[in-house]
Amino acid sequence: MEIEQYDLYNKIYNELVKRKVSRRQMEEPDKYEREDAFMGAILDIEKGVDAYETFRNSFELVHGVELSKMEYESAYNLCKGF
């Protein structure tokens, strides 16, 4: 994975966490939870799994909250600069 893609997915993940925490849908994850969820998503993306699906699974399994397609696309567009 190129460094630009890694940085983009890192920004998307951080934006999603920020939004979920600000809406009080989840508590701020500690650095280990954050790293586990993000790296798990990155490994799946590198295997060819859809990025939304990997983030959705990470948020459900690690953080215990649902992630909608609209939330993901909104964060993606913000981080991508659309």
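The values are calculated or read from the model by the stated rules, or taken from the named source; none is laboratory data. Given the structure is predicted, the values throughout are model-derived calculations rather than measurements. Cβ coordinates were reconstructed from backbone atoms using ideal geometry, including for glycine residues, and neighbour counts include every protein chain displayed.
Out of (1) closer than 22 Å to I3 by Cβ; (2) without any contact (Cβ under 8 Å) to a residue 12 or more places away in the chain, what's the single condition that is false for E28?
Unmet for E28, out of (1) closer than 22 Å to I3 by Cβ; (2) without any contact (Cβ under 8 Å) to a residue 12 or more places away in the chain: (1).
Suppose we keep only residues that are among the β-branched types (V, I, T) and assigned to a helix (DSSP H, G or I) within segment 26-52. Which one would you say is farthest from the chain's Cα centre (by Cα)?
I45
D44 - would you say it is at pLDDT 90 or above and closer than 18 Å to S74 by Cβ?
So D44 does not fit the description; no.
Can you pull out every residue in segment 56-82 that is at pLDDT below 95, over 18 Å from E4 (Cβ atoms) and aromatic (F, W, Y)?
Within segment 56-82, just F59 meets the criteria.
Working only within segment 53-82, note down all residues that are in a helix (DSSP H, G or I) and crowded, with 18+ Cβ neighbours inside 10 Å.
Matches in segment 53-82: T54, F55, R56, S58, F59, V62, H63, E71, Y72, A75, Y76, C79.
What are the residue pairs meeting all of these: first residue in segment 62-81, first residue within 10 Å of K20 (Cβ to Cβ), second residue assigned to a loop (DSSP other than H, G, I, E, B), Cβ atoms under 7 Å, and 6 or more apart or on different chains?
So the pair list comes out as H63/M26; H63/P29; V65/Q25; V65/M26.
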